[in-house]
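The structure appears right after this line, and notes come after that.
Just so it is clear, none of the values below were taken in a lab; they were calculated from the coordinates. Values in this document were obtained by computation on a predicted structure and should not be read as measured data. Here the Cβ is made from the backbone with ideal geometry for all residues, glycine too, and neighbour counts use every protein chain on show.
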C-alpha cells in the first residue's frame, strides 16, 4: 500500500465519515426540534454557535488520534492545534449553511384572504394575506441598548416596534394614555380600573375627554389627570387591560438600530440617542408598512424577545404569547438565498484544504502500527485518557463547580430564549442582577446571585478565563473550603461596593469575586506562606492582572467599584488567612514548577 493510500484510509476517509454523520445527525435534530416540534430554542444558538462548538467533540475523540500520525513539528508547537481547528471548521461551516437552508426551505407558505382567517393554533413559517392593514396608530414599543465588544467598546441602541395586523383600516380602535398621566376611564357611566381597551368602532356611541377641573368635580380626586368618558354597546366584562376577543391576531415587527462608541461621555451618548430616536420616528411615519410580499413568522431570537416585551408591556399582561411576523419584500422563491450552493461549496473547499494539509507532512510509521490493529480501541483510549485527566484535577474541584454554575446559569438564560451574545438589563434583573433600588428594598440575595450572572458570551468567557488562571495557584494553596469561602465572601463584598457607588446601575458578573481571589493571592505572596523563590513571579502575575483590568476599567463601562471592593476584601482576607496556614519550607529544593504546601483540607 502506498503512502498516499495510507493517508486516505487512515486520515481522510475517517474525516469524510465523521463530517457526513455529524452534519446529517445535527441537521435532523434541528429539523425535528425547530421545524417539526416548534420548540422555543434560540435560533442563533442552534444555527450558529452550536455548529461552531460541537464539531470539536468528534474531532478530539476520533480525528485527533489520526492527526498524530502526521509529523507536525514547529518551534511553538501550534501545528497540531491548527490542524484540529481546520478540520473542525471544515465540518462546522457547511453545517451552518445546512441549518440556514433547513430554516428557510422547510417553511410552508400559507395564503389567506385576510388576518381574520389566521389560525394561531396551526402556524406555518410564511404567510401571505391578500388584503391587510398595518395599524401604525396603536403600536407597542420597546427600547433597549446592548453593550458589546471585547472591552465593552460598542453601544447599540434598538427601538423595536410591533404593529397590529388588521383586515382593514379602522376595524379596531384603542384608547391609550401616557402611564405617568393616566386619565380616569369611565365606560357607560361606570368608573373602571382599565388603562386601555379595544372595542369595535361600530359599537361606540360617544366618547369625549373631560379636563381635570371638571373631572374632579364629577368623579373625585382619582380624576386629577382628567377623565375619558365612553358610551358603547356590546362591551364584554371589564377588569383586563384589553378586551381579549378584540385583541390583534398577529403583529408586524420592525426594528431600528444604531451603534455608537461606548466610550463617549454621558452627554454625547444622550445626544446620539436623541438623534437616533428622532430619525427613527421620522422614518416610521413615512414608511409604508403594508408594502411587503409575504410575512415571516420569526423564531426565538433577540428581536422576537424585544417585540414580545413591547406588546406585553403595552398590554400590561406578561402571560401573552403573541404571534409576530417580519415583512419580506422579495420573491418567496428567493427565500433560501445562496444557502443551497454554499452547502456544497463550503464542504468541498474544506475537504480539499484538508486533503492538501494531510499530504504535505510525512507520516510517523511507528504511530501507524499502533493505530492499525484496533482503531476503535485507540478512540476509546482517547476518551478514557480525557476523563482520567479531568479526574486528576481533583485539587481544582471548587473551581470546576464555580465554572459549572456560571455556565449552567448562562445556558439556562440562553435556552429560555433571552439571547446568547448579550442579554438585556431587564432580563438580568429578573434573574437576580444587583440593582440598588431592588437590593436595598429587601432583595439582599441579589448580592450573591449577581455573581453567577453574565451579560453575554464574551463576558462569561473572559471572567472564567481569569478565574481559571488564579485557581491554578490559589485553590491547592487554600484548600477547598477556604477557597470557596473566599470566592463567595469577596463576591458579596464586591456587589455591596457596586451598589454603594452606583445608585442606578444593573450590576452582574464574577469579576468582583475574581479580583478578590487575586487579592488573596497577593496578600499570601507577601507573607511567609509562599516559598521565597515563588514570591516574585506570583506577585508579578497578580499585579499584572489587577493593574491591567483596573486601567481598562478607567475607560468606563466596567464596574471598577466592584473590582476594587473585591480586591480590598481579598487583600484583607488573605492577611487573615495567613494566620491559619503553615509557613512554607524556605529551604526546600527547587522544582521546575511552582509547588505549594497544601492545607489539611486539600
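What to note about this one:
- Which of 274, 143, 304 has the fewest Cβ neighbours within 10 Å, and the rest in rising order: 274, 143, 304
- Normalised contact order of segment 264-336, rounded percent, pairs of Cα under 8 Å and 6 or more residues apart: 38
- Compared with the direct C-alpha span, the chain from residue 143 to residue 130 gains 1.5 nm at full extension, assuming 0.36 nm per residue.
- Our summary gives segment 394-580 a relative contact order of 25 percent, counting only alpha carbon pairs under 8 angstrom and 6 or more residues apart.
- One chain, two ends: residue 114 and residue 366. Fully extended at 0.36 nm per residue, the span grows by 83.5 nm beyond their Cα-Cα distance.
- With each label modelled as a point 7 angstrom along the Cα→C-beta vector, the residue 209-residue 576 pair spans 6.0 nm.
- Residues listed by number, segment 441-468, amide nitrogen under 19 Å from residue 500 label point at 7 Å toward C-beta: 441-451
- Computed FRET value (nearest 0.05) for residue 550 with residue 340, which takes r as the C-beta separation and R₀ as 51 Å: 0.50
- Highest average first, the peptides 118-131, 469-482, 288-301, 563-576 ordered by how many other beta carbon atoms sit within 10 Å of their residues are 563-576, 469-482, 288-301, 118-131.
- FRET efficiency for residue 54 and residue 485, using Cβ-Cβ distance with R0 set to 22 Å, rounded to 0.05: 0.05
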